[in-house]
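Below is one structure; the comments refer to it alone.
Read-outs: derived from the displayed coordinates by stated rules, not from any lab. Keep in mind that this is a model prediction, so the values were computed, not measured. No Cβ is skipped: glycine too gets one built from the backbone with ideal geometry, and neighbour counts run over all protein chains shown.
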């Protein structure tokens with residue numbers, strides 16, 4: 001399992017991959033330590049960089065700026 005750092009719109013995430021096709025996104029620059037989300041592909045395939053960014057943007061759009069959590 002490797003860890004990759006990904007920056008999207010000024011926010012930093014550490015992405016851990018558990019084969020096959022399970023991804024854990026830890027929001028490193030976020031206000032709440034240990035907060036993030038997980039995602040998996042239905043067929044176990046790898047996520048492209050573009051799909052990782054899209055997933056992160058979708059997560060960030062749902063976060064309440066006042067709390068730093070999805071409400």
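Here are the numbers for the structure shown:
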{"quantity": "Ranking of 41, 67 by count of other Cβ atoms within 10 Å, fewest first", "calculated": "67, 41"}
{"quantity": "Residue order, fewest to most beta carbons within 10 Å, for 42, 58", "calculated": "42, 58"}
{"quantity": "The chain - percent relative contact order, Cα under 8 Å, separation 6 or more", "calculated": "22 percent"}
{"quantity": "Acute angle (nearest 10 degrees) that the helix 49-62 long axis makes with the longest principal axis of the chain, alpha-carbon atoms", "calculated": "30 degrees"}
